[in-house]
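Here's the structure we're looking at; comments come further down.
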Amino acid sequence: MAALAGTTQRHLSFIESGRSRPGRATVVRLAESLGLSLRERNDLLMAAGYAPVFTESTLDEAALRPVREALEEILHGHLPYPALVIAPYGRVVAVNDAVEVFTEGAAPELLTPEVNMLRLMLHPEGMGRRVANLAQWGRHVVENLRARARRSPDPRLDEFVAELAGYLPEAPVSGDHLGFSVPMRLATADGELRLITTLTSFATATDVTLAELRLEAFLPADQATADALRRRAGRKGYRRV
């Protein structure tokens, strides 16, 4: 850690014991060495008595207008397949029209602003009752959150993980997957859809809000699903975002 932060073991030990107050540059290097998120780096700086380095904008600010426009283009370009932008804890920021396949038959209380997509996906009154392989697929969702909680301890996240895990039925570890991904098998009015998901983030973001956004795009795992989603898009007349 000392080598990564460009300091000595002795100095690092003094910082840990409170015998030495680190300079601002040292705090920044320590935060980088620990792989902290931008929000956590700001928190560490403030704990050391320094002003935060990274800004935290709102999405409606002019500074993030190019980001909003880029996300809108990506969401639209992904049609007829579902795609959405989520903030921490699964809060939905933006969606394309194809996401309505996920809200089909969901309880109204799960669809009131602000919608939490992770809760909607696993809740028995949301998508949970329509996902044929909920135990296997949902386990991957929960384990990804647990891994995040291990990297960035947060009591609120621990509570959320426990809630989501409570929606999942017990299931043995199985090799029932495509060989490269675990598809979600979702029952819909158009038959069962098999979907795989990708997550995209802004790797070089220096704004806290932007760094915490994730673009989740769903793709068909087979030709039948692709055809069904195209037919659904034509029938429902999906529009530009």
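The figures follow:
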item	result
When residues of segment 8-22 are limited to those that are more than 37 Å from the chain's Cα centre (by Cα) and either modelled with pLDDT of 85 or more or among the basic types (Lys, Arg) (or both), the one farthest from residue 33 (Cα to Cα)	19
Filtered residues of segment 215-241 (kept if open to solvent by 80 Å² or more (accessible area, probe 1.4 Å) and not in a loop (DSSP other than H, G, I, E, B))	223, 230, 231, 235, 236
Test: residue in segment 170-180 that is modelled with pLDDT of 90 or more and either open to solvent by less than 60 Å² (accessible area, probe 1.4 Å) or under 20 Å from residue 84 (Cα atoms) (or both)	no
Residues of segment 8-58 classified as open to solvent by less than 40 Å² (accessible area, probe 1.4 Å), of a type in the set (Gly, Ala, Ser) and over 21 Å from residue 150 (Cα atoms), total	4
Selection status of residue 80, more than 20 Å from residue 213 (Cβ to Cβ), touching a residue at least 40 places away in the same chain (Cβ under 8 Å) and either among the charged types (D, E, K, R) or part of a loop (DSSP other than H, G, I, E, B) (or both)	yes
Single unsatisfied condition, residue 79 versus (1) under 18 Å from the mean Cα position of the chain (by Cα); (2) of a type outside the set (Gly, Ala, Ser); (3) open to solvent by 30 Å² or more (accessible area, probe 1.4 Å)	(1)
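Table: residues versus (1) farther than 23 Å from residue 153 by Cβ; (2) polar (S, T, N, Q); (3) touching a Lys or Arg at 6+ places or on another chain (Cβ under 8 Å).
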| residue | (1), (2), (3) |
| --- | --- |
| 4 | no, no, yes |
| 9 | yes, yes, no |
| 18 | no, no, no |
| 41 | no, no, no |
| 44 | no, no, no |
| 50 | no, no, yes |
| 65 | yes, no, no |
| 69 | yes, no, no |
| 73 | yes, no, no |
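The values are calculated or read from the model by the stated rules, or taken from the named source; none is laboratory data. The model shown is predicted, which means the values in this text are computed figures rather than measured ones. No Cβ is skipped: glycine too gets one built from the backbone with ideal geometry, and neighbour counts run over all protein chains shown. The accessibility values were calculated without ligands, DNA or RNA, using every heavy atom of the protein model including side chains. Shrake-Rupley method; radii C 1.70, N 1.55, O 1.52, S 1.80 Å.
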